[in-house]
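Coordinate-derived values only; no laboratory data. These numbers were taken from a predicted model, which means no experiment stands behind them. Here Cβ is always computed from backbone atoms with ideal geometry, including for glycine, and neighbour counts include all displayed protein chains.
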Amino acid sequence: MPKKRFKVFLDSNVIISGLFSDKGSPRIILDILSLDLPMLSAATGEYNIIEIERNLSKKMPDVIAVYKKYLRILNMEVIPMPSYRDIKKLSGHIADKDVPVLASAIMSNSDFLVTGDKKDFSKLRGKYSFKILSPSEFLDIILPEILNALESD
């Protein structure tokens with residue numbers, strides 16, 4: 001029987017938190033993704049990448065080279081910028097700044113959208129084909145799945 005594969009879409013805040021913390025759920029998620037496990041793949045949006053790089057350029061320009069090197073290790077699919085039509089269709093469901101993130105997550109066909117933005121995204125839980133989770137909620141689901149997969153090998 002084929003093993004279940006999971007795809008996770010990471011919001012910018014999870015990537016940034018994971019890169020600059022040596023502990024905590026966002027860091028553990030990035031560490032797991034860097035293992036390149038066959039049962040887990042990741043995506044983020046081009047919009048998210050632009051947001052991350054804009055923030056790093058303003059606050060920590062010296063780390064951009066390290067960020068880009070680490071991003072390659074994560075082997076994340078980068079979802080192209082959503083179309084104006086896709087963004088317009090979702091407007092009003094969430095804060096304008098988060099509409100491209102939501103559109104990108106939908107386009108990614110992921111099982112999970114992991115975000116630290118509880119304020120805006122929590123009201124959307126259960127409305128899409130993917131689960132919207134905090135980093136720790138995602139780990140609560142994915143770690144047992146990873147352990148089960150490793151035990152059955």
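5 Å is the cut-off here: which amide hydrogens, built 1.01 Å from N in the peptide plane, fall below it relative to Ser41, excluding neighbours closer than 5 in sequence?
Counting only residues 5 or more places away or on other chains, the set is Phe6, Lys7, Val8.
Using all alpha carbons of the range 6-152, what is the percent of pairwise distances in each 10 Å bin, ordered from the shortest bin to the longest?
11, 43, 35, 11, 1
Taking R0 as 25 Å, what FRET efficiency do you get between Asp120 and Glu145 from their Cβ-Cβ distance, rounded to the nearest 0.05? If you can, show how the numbers build up before the last one.
Details: r = 27 Å, r/R0 = 1.09.
Computed FRET efficiency for Asp120 and Glu145 comes out at 0.40.
How big is the dipole moment of the chain about its Cα centre under a simple scheme where the beta carbon of each Lys and Arg is +1, that of each Asp and Glu is -1, and everything else is neutral? Debye, nearest 20, please.
440 debye
If amide H atoms are built 1.01 Å from N in the plane of the peptide, which residues on other chains or at least 5 residues away come under 5 Å of the amide H of Gly116?
Asn13, Val14
Assuming a strict under-17 Å limit between Cα atoms, what lysine pair count do you get for the range 6-152 once near-sequence pairs (fewer than 8 apart, same chain) are dropped?
Close lysine pairs found across the range 6-152: 14.
Give me the percent relative contact order of the chain, please, defined on Cα pairs under 8 angstrom at least 6 residues apart.
29 percent
Taking the chain as a Gaussian network, Cα atoms linked when under 10 Å apart, which of Met107, Met60, Met76 shows the biggest mean-square fluctuation?
Met60
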